[in-house]
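The block underneath contains the structure these notes are about, expressed in structure tokens.
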Amino acid sequence: VAAPVATAAKTDVATIAHRGASAYAPENTLAAVRLGVRMRADLVEIDVQQTKDGELVVVHDNTLARTTDAEQKFPDRGPWRISDFTLAEIRTLDAGSWKAPEFAGERVPTLAEVLDVLQRGPSGLLLEAKSPELYPGITERIADELRARPSWVRPDPKARNLVVQSFNWDFIRDFHGLLPGVQVGVLGAPSEAELAEVATYSNQVNPNHAQATPEYIAAVHAHGMSINPYTVNEAPLMRALIDRGVDGIISDRPDVLREQIHAA
Ligand code: G3P
Ligand code: CA
């Protein structure tokens, strides 16, 4: 496992744009990713899943129903699982109108497109593998996509800032075996008894903010890992977590979070 991550000083707290700057633009679209970059997020978080034809796409839910017009365009294909649609079909969908009319025409991006956008700016990537247990082969596919872009996986400090995380800890252990130079994180809150084992392969523990108590933060740090709670959108809670010594915060409002970090 990589070297332990030191406890961050308050001003080093990472700003992580959740599903892009998703308070202001449709989650997991290029518009939200670009806005996260414009808001100077240290990392932009996205959710990656796999289509019927094995392509990596960026969507949060396991179905397309909530964040696209799949129900209108494909009325007889319910429940609109991502794994039942090809990339070509998914590319016909509107992934922006549900948020606001100005985003009409936003598409479901591929992971490759998000990497292309981020490569042109300073923000890194927090890549969540969402429900990887649904998608045979997805561990190797994500590793291959990243390996094809050496700037993200080069084994030195000039590598772009990249973390791969998942609620599926077996996926994270397997991914770490494939690309041991890439930082990884487990989502959720391993028990104190589980932290020692998690620390053998993971660099981060990223829990719901309700679990980020001072005691739990200290326990994660004691095992040499960093802690980045989600999803924190209100300034008072941001301030409280910064004061408790978290290493990063995952927020739909990266602009508000930056202000709070700089005021700390
Ligand atoms: O990055 C943490 C957070 O995204 C996990 O929850 O459901 O928003 O993917 P969810
Ligand atoms: Ca996520």
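The values are calculated or read from the model by the stated rules, or taken from the named source; none is laboratory data. Given the structure is predicted, the values throughout are model-derived calculations rather than measurements. Cβ coordinates were reconstructed from backbone atoms using ideal geometry, including for glycine residues, and neighbour counts include every protein chain displayed.
Given the criteria of a type in the set (S, T, N, Q), surrounded by 15 or more Cβ atoms within 10 Å (Cβ to Cβ) and modelled with pLDDT of 95 or more, does T200 qualify?
So T200 fails the test.
When you go through R173, R160 one by one, which is the residue that is touching a helix residue (DSSP H, G or I) at 6+ places or on another chain (Cβ under 6 Å) and surrounded by fewer than 21 Cβ atoms within 10 Å (Cβ to Cβ)? Walk me through it before giving the result.
On the way: R173 fails: touching a helix residue (DSSP H, G or I) at 6+ places or on another chain (Cβ under 6 Å).
Result: R160 is the single residue among R173, R160 that is touching a helix residue (DSSP H, G or I) at 6+ places or on another chain (Cβ under 6 Å) and surrounded by fewer than 21 Cβ atoms within 10 Å (Cβ to Cβ).
Output the residue which, of all residues in region 206-236 that are touching a helix residue (DSSP H, G or I) at 6+ places or on another chain (Cβ under 7 Å) and part of a helix (DSSP H, G or I), is farthest from ligand 2 (Cβ to nearest atom).
Applying the filter and picking the extreme gives P214.
Identify, please: which residue in region 62-111 is over 19 Å from R34 (Cβ atoms) and aromatic (F, W, Y) and is, among those, surrounded by the fewest Cβ atoms within 10 Å (Cβ to Cβ)?
F74
Among the candidates E89, E27, which residue alone is of a type in the set (D, E) and either closer than 30 Å to V198 by Cα or within 16 Å of ligand 1 (Cβ to nearest atom) (or both)?
Matching residue, one of E89, E27: E27.
Within region 163-184, work out how many residues are away from ligand 2 (no atom under 16 Å from the Cβ), assigned to a loop (DSSP other than H, G, I, E, B) and either under 17 Å from L195 (Cβ atoms) or not aliphatic (A, V, I, L, M) (or both).
2
Tally time: how many residues in region 237-256 are assigned to a helix (DSSP H, G or I) and within 16 Å of ligand 2 (Cβ to nearest atom)?
Matching residues across region 237-256 total 1.
Go through the residues of region 176-187 one by one and say whether even a single one is within 16 Å of ligand 1 (Cβ to nearest atom), crowded, with 16+ Cβ neighbours inside 10 Å and of a type in the set (S, T, N, Q).
Within region 176-187, one or more residues are within 16 Å of ligand 1 (Cβ to nearest atom), crowded, with 16+ Cβ neighbours inside 10 Å and of a type in the set (S, T, N, Q).
Run down L56, L64 and say which single residue is aliphatic (A, V, I, L, M), more than 16 Å from ligand 2 (Cβ to nearest atom) and at pLDDT 95 or above. If you could, list the steps in order and put the result at the bottom.
Working: L56 fails: more than 16 Å from ligand 2 (Cβ to nearest atom).
Exactly one residue qualifies, and that residue is L64.
Give me a count of the residues in region 13-46 that are of a type in the set (A, V, I, L, M, F, W, C) and either more than 12 Å from G124 (Cα to Cα) or assigned to a loop (DSSP other than H, G, I, E, B) (or both). If you could, list the steps in order and put the result at the bottom.
Going residue by residue through region 13-46, those that are of a type in the set (A, V, I, L, M, F, W, C) are 13-14, 16-17, 21, 23, 25, 30-33, 35, 37, 39, 41, 43-44, 46.
Subsequent filtering for residues that are either more than 12 Å from G124 (Cα to Cα) or assigned to a loop (DSSP other than H, G, I, E, B) (or both) retains 13, 21, 23, 25, 30-32, 35, 39, 41.
Matching residues across region 13-46 total 10.
Looking at region 216-228, can you tell me whether even one residue there is closer than 29 Å to N62 by Cα and either away from ligand 1 (no atom under 13 Å from the Cβ) or touching a residue at least 60 places away in the same chain (Cβ under 8 Å) (or both)?
Let us first name the residues in region 216-228 that are closer than 29 Å to N62 by Cα, namely 226-228.
So of that shortlist, the ones also either away from ligand 1 (no atom under 13 Å from the Cβ) or touching a residue at least 60 places away in the same chain (Cβ under 8 Å) (or both) come out as 226, 228.
Yes, there is a match, as at least one residue in region 216-228 is closer than 29 Å to N62 by Cα and either away from ligand 1 (no atom under 13 Å from the Cβ) or touching a residue at least 60 places away in the same chain (Cβ under 8 Å) (or both).
Condition check ((1) in contact (Cβ under 8 Å) with a residue 60 or more places away in the chain; (2) in contact with a Leu (Cβ under 6 Å, 6 or more places away or on another chain); (3) within 27 Å of Q204 (Cα to Cα)) across all residues:
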| site | (1), (2), (3) |
| --- | --- |
| A21 | yes, yes, yes |
| T29 | yes, no, yes |
| G36 | yes, no, yes |
| A41 | yes, no, yes |
| Q49 | yes, no, yes |
| R66 | no, no, no |
| R81 | no, no, no |
| R91 | no, no, no |
| G96 | yes, no, no |
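Got a sec? Which of N233, N206 is in contact (Cβ under 8 Å) with a residue 40 or more places away in the chain and in contact with a Ser or Thr (Cβ under 7 Å, 6 or more places away or on another chain)?
N233
Give me the pairs: first residue in region 125-136 and without any contact (Cβ under 8 Å) to a residue 40 or more places away in the chain, second residue more than 12 Å from ligand 2 (Cβ to nearest atom) and part of a loop (DSSP other than H, G, I, E, B), beta-carbon distance under 8 Å, and six or more apart or on different chains, which are they?
Pairs found: P132/N168; E133/N168.
Please go through region 89-145 and pick out each residue that is within 16 Å of ligand 2 (Cβ to nearest atom), assigned to a helix (DSSP H, G or I) and of a type in the set (D, E, K, R).
The one that is within 16 Å of ligand 2 (Cβ to nearest atom), assigned to a helix (DSSP H, G or I) and of a type in the set (D, E, K, R): E133.
Mind telling me which of the residues L111, L118, L187, L162 ends up being touching an Asp or Glu at 6+ places or on another chain (Cβ under 6 Å), at pLDDT 95 or above and within 30 Å of E234 (Cα to Cα)?
Numbers: L118 fails: touching an Asp or Glu at 6+ places or on another chain (Cβ under 6 Å); L187 fails: touching an Asp or Glu at 6+ places or on another chain (Cβ under 6 Å); L162 fails: touching an Asp or Glu at 6+ places or on another chain (Cβ under 6 Å).
Criteria check complete, one pass: L111.
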